[in-house]
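Here's the structure we're looking at; comments come further down.
The values are calculated or read from the model by the stated rules, or taken from the named source; none is laboratory data. Just so it is clear, the model here is predicted, and its values are computed rather than measured. Ideal geometry is used to build each Cβ from the backbone, glycine not excepted, and the neighbour counts take in all protein chains shown. SASA here: full protein model, heavy atoms, side chains in, ligands and nucleic acids out. Shrake-Rupley method; radii C 1.70, N 1.55, O 1.52, S 1.80 Å.
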Amino acid sequence: MKCYLIILILFCCLLNTVFGQSRKATIDSLVKFGVITAKQRPALQKESRYAGHTQDRIAVLWGLESIMLQKRFHINPHKIGFFSYDLEHPNDKSQDSINRSLRTLLEKIKRAGLLTDRVYTYALKSIDTGRYAADVQMLGHLTEMSARLELLAPNKLLPFAQDLHKSGIVDDSSFMRLERDINNDKIESAFRLNDYCRLDKVFDLSKYPDDPDIWLEQIHQDIASIVPGLNFTNFSYTTIRDTSFTIPGVRFKVRLVCNGKIYKHTSLVFDTFKNKQEKISPKDIFVEDFYRIFNKVLTDQQSPLRLHSIMFSSGGTPNDHFRPFALIALNAEQAEIFMKEANYSYMSVSLDRYDTTLTSAKIDATVAQWRKIGLFAHLSNAQISKAIDDAEADDPFSMDRLLTNFPGVVYPLDSSFMSPKHPYVNLLNHLAKITHGAFVPTKISQRKINGRVKLQYLSKGKIHSHTFRTANGWFDPGFPAFIKNLGDENSLPGKFYNLKYSNDVIYLTKQQHDEAMSHNLLDLQRE
């Protein structure tokens, strides 16, 4: 065993040595052909290490772009994250001069062995069309294009294409076409793979009108066309203002009728950016979660399929902007294909439920039972009606999640510990609120003692205290026991329970707990 370990260590050392020497030789070529000076060699060696074990020429290109970025804009690219080259477009005379300089630089980089013929040809065309206003902008494109096309090379892309074919995501005739196009280097963006997949649809948001009275229904009609049996009528929507974020936004609550049943869905939050006509355009918002209303229909139909949003990891061509997006219908086994590490380098899909038990009928019956056992006794009829409507429009990832639509029923534990001051005081106050008068702690305080945190409060004439090892409750091994024993310690008629699929806590009387367990109304963590 020891012998194998030594051999493995020696092999890794040899691999790193060869890897380093190869990258060093590439950098030496840049000095030789005058792309950088000898003084810049150490800086480029350092910057190229940030790219990790990427192919040498791509790592060096990345480092070269980083050096030029620091030189031109005086910024550290490792600290700013995403950077956009928003450069002023020069006049024709200046552009001609820039283009001559860029051609010279491109030729030197090519001679240094950093570019394939394909990347060089594309870059030359981009120079001729005046795409670049500066050398650093061209370097950024060379790096992105080299990395993207390397990932889409036949020896790497074909195994993924074969997985798509074997799983039935791509049919026989489309696979023959895809295989031919891969071998002929015609796939220049992972987004192009949509053209070969079954039950897949690409949405170009620039082709929809700006008026939500028109495009909202139109885009839902287009989504419904992906899978047979999703045709709908009686489409309507309302906008809901959302102030839960720093920048206020809006949500669209959609309502439609499919197969004689009403379905609802509330979208993610959108910024309230409006065009000149005071309309919200689909081009300016995130619309990719609209499909989830149809997953509710598919669940009710007991279909093995679910719709997913597709995300692409290998970049895009100049024609791929944020405007197009794609949806695909998959069964559970097909969805697993995109979870393989080698495959999600190209495409990954949204996580969506394949549980066929959480139907609309099951949700309606469970909500009715929650109401029957008194979970909503503190709410008015109007509040309950609104909460039920919100729950019906929510994404039913679990029954636990639907409870969050009913005010004062559950409390998310992490909310307290996001408070920098007195998180345990905040926690206790909120836990008291969801008991609706059963737990009324007073004189609540917390203070640090020898690196720990002591919580103290008065309840029913008795002083209670608990010492935590940390200010962050979820890191304290005694925290679950504190929550579990809080009811008994304070002689409450009920206890606090953690929901299984969330970080939320619910308070239940013994009768409520027994009813919930016997009728399978809640998923609680095991004690």
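Laid out as a table, the results:
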| quantity | calculated |
| --- | --- |
| Cα-based convex hull volume of segment 421-491 per residue, rounded to whole Å³ | 85 |
| Amide H within-cut-off set for THR116, under 5 Å, with H built and near neighbours excluded | none |
| Distance between segment 510-527 and segment 164-204 - C-alpha centres, whole angstrom | 48 |
| HIS436/ASP195 FRET efficiency (R0 41 Å; Cβ-Cβ; nearest 0.05) | 0.15 |
| FRET E, pair LYS462, MET517, Förster distance 45 Å, beta-carbon r, rounded to 0.05 | 0.90 |
| Difference of contour (0.36 nm per residue) and Cα-Cα distance, GLU341 to ASN485 | 47.6 nm |
| Reachable aspartates and glutamates, given that their alpha-carbon falls under 18 Å from the alpha-carbon of LYS261 and they are not under 8 places away in the same chain | GLU217, ASP300, ASP364, ASP389, ASP390, GLU392, ASP394, ASP395 |
| Cα-based reach from LYS46 at 20 Å (exclusive), listing lysines while leaving out same-chain residues under 8 positions away | LYS24, LYS32, LYS71, LYS79 |
| Label-point gap, in nm, between THR37 and SER398 - each point 7 angstrom along Cα→Cβ | 6.0 |
| Phi-based couplings in Hz for segment 200-208 (Karplus 6.51, -1.76, 1.60; Gly and Pro marked x) | 10, 9, 9, 10, 9, 5, 5, 8, 8 |
| Inter-label distance, nm, simple model (7 Å from Cα along the C-beta direction), ASP389/LYS24 | 7.1 |
| Efficiency of FRET between LEU158 and GLN55 - r from beta-carbon atoms, R0 25 angstrom, step 0.05 | 0.85 |
| In order through segment 292-309: 3J(HN,Hα) via Karplus (6.51 cos²θ - 1.76 cosθ + 1.60), integer Hz, x for Gly, Pro | 5, 5, 7, 5, 5, 5, 4, 5, 5, 7, 6, 6, x, 8, 9, 7, 9, 7 |
| In segment 175-224, trypsin sites (Lys or Arg not before Pro) in a DSSP loop with at most 13 other beta-carbon atoms within 10 Å | LYS186 |
| 21 Å Cα-Cα reach of LYS125 towards lysines, excluding residues that sit fewer than 8 places from it in its own chain | LYS93, LYS108, LYS110, LYS186 |
| Accessible surface, 1.4 Å probe, highest first, among residues LYS500, LYS433 | LYS433, LYS500 |
| Under Karplus coefficients 6.51, -1.76 and 1.60, residue-wise ³J(HN,Hα) of segment 376-384 in Hz, glycine/proline x | 10, 4, 7, 9, 7, 4, 5, 5, 5 |
